[in-house]
Structure formats: C-alpha cells, structure tokens
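The values are calculated or read from the model by the stated rules, or taken from the named source; none is laboratory data. If you're wondering where the values come from, they're calculated on a predicted model, not measured in any experiment. Neighbour counts are summed over all protein chains in view; Cβ atoms, including those assigned to glycine, are modelled from backbone coordinates with ideal geometry.
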Amino acid sequence: MAATDTSIGVLICDDVEAMRLLLRVIVELSPNLCVAGEATNGNEAVSQAQQLQPDVILLDLSMPVRTGLDALPEIRVVAPAAKIIAFSGLDESVVGETVRAAGAAHFLQKGADPDAIITAIENAYRNGSH
C-alpha cells in the first residue's frame, strides 16, 4: 500500500504479537501513517512486501523460519521502492553497519520512544536511502 497524499503505508514485521500490536497502535495514532500489513517471519515479510508494496517496512531482525536479516536482500528486490527500518533488541553498534550494508535505510533499537519511531518512519520515507 503506497502512500496517499496523506499517509505513509507501513508494513510491520515482527514475530511477537505484543510488539506488532504496539507498533500498530503507534502507527495508527499518527495522522501521517497507516498500517499496510503485518508479517510474523521473514518469509511472510518478503511475501507481504511483494504483494503490498509498502512505503516503509519495520523489519525485526530476529524472527523464526527466516530472520529479518536473511530476508532483507530479497525484500529489496521484491519491493525496491520501500524504505526498510531494521529493528532489534541488539545495540546499533552490533548490527547497524550490517543491516545498512544489506539495504536498510535506518536502524531502530526495540524500546525506542514512540515519537522516535514515527520520526524514523517519516524520515526514512522522505530521505531514506536503500
């Protein structure tokens, strides 16, 4: 779901239902954002990215079946216009360089403030690089 004049379509990819719910609420509370879809593992993330063509993808790096890190290069291929924000419980100093090299526009650490998440999504959409 590409952006309309008023909203940025976001695909939420995380295996933890509570995290998806939290991210969904954060996204839905912003007038500039909308939830395009959700995925619970890397394979679903690739499939949903291809089908929905979202503007921004919030991609958890640690998911079952296929990790977000493993899925990231294929997502870049199937949804080339999407900006990917990788997020993880790991510190950016540990994985930030790796995820950017794989094609993520930004990195967020889990537990980031809701305003920081919204800002990261908006910045990735407007200014993000692949």
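Kindly provide the set of residues from region 112-128 that are of a type outside the set (D, E), in a helix (DSSP H, G or I) and in contact (Cβ under 8 Å) with a residue 12 or more places away in the chain, ordered by number.
P114, I117, I118, A120, I121, N123, A124, Y125 - these are the residues of region 112-128 that are of a type outside the set (D, E), in a helix (DSSP H, G or I) and in contact (Cβ under 8 Å) with a residue 12 or more places away in the chain.
Here's a check for you: in region 82-114, which residue that is among the polar types (S, T, N, Q) and touching a Leu at 6+ places or on another chain (Cβ under 9 Å) is modelled with the highest pLDDT?
Here the residue is Q109.
Across region 62-71, which residue is nearest to V99 (Cα to Cα) among those that are over 10 Å from the mean Cα position of the chain (by Cα) and not basic (K, R)?
L69
S47 - would you say it is crowded, with 18+ Cβ neighbours inside 10 Å, polar (S, T, N, Q) and out of contact with any Cys (no Cβ under 9 Å at 6 or more places or on another chain)?
no
Would it be correct to say that V16 is of a type in the set (V, I, T), crowded, with 18+ Cβ neighbours inside 10 Å and closer than 22 Å to I118 by Cα?
Judged against the criteria, V16 is not a match.
Within region 27-44, track down each residue that is surrounded by fewer than 22 Cβ atoms within 10 Å (Cβ to Cβ) and β-branched (V, I, T).
Passing the criteria: V35, T40.
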